[in-house]
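The values are calculated or read from the model by the stated rules, or taken from the named source; none is laboratory data. Computed from a prediction, not measured in an experiment: that's the story for all the values here. Every residue, glycine as well, gets a Cβ built from its backbone with ideal geometry; the counts of neighbours run over all protein chains shown.
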Amino acid sequence: MSIKYMGPLTPHLVYKPWGGTRLARLKGLPDSASKLLGETWEVSRLEEGLSTDEDQVPLSRFINSPKTTGLCT
């Protein structure tokens, strides 16, 4: 089976001690996602927050470059 197109990406939610409810409200996320939400990674190839589409297909399946291991590499 060959996948040619990726559907809309699901953002990775990052909870931080300084987070709150404002970002979740802004993005229209459910109340359960709002507790201490500090960041959303909309597009990411990092292992700890790999972007996927609605069928859980990882973004890395569509990009043929070496894996990114950090923000500055």
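Scanning region 1-15 for residues that are more than 14 Å from Glu54 (Cα to Cα) and at pLDDT 70 or above returns Leu13, Val14, Tyr15.
Per-residue answers, yes or no, for (1) touching a helix residue (DSSP H, G or I) at 6+ places or on another chain (Cβ under 6 Å); (2) surrounded by 13 or more Cβ atoms within 10 Å (Cβ to Cβ):
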| site | (1), (2) |
| --- | --- |
| Leu9 | no, yes |
| Val14 | no, yes |
| Gly20 | no, yes |
| Lys27 | no, yes |
| Pro30 | no, no |
| Arg45 | yes, yes |
| Ser51 | yes, yes |
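Here is the figure for region 46-73: residues that are of a type in the set (Val, Ile, Thr) and at pLDDT below 80 total 4.
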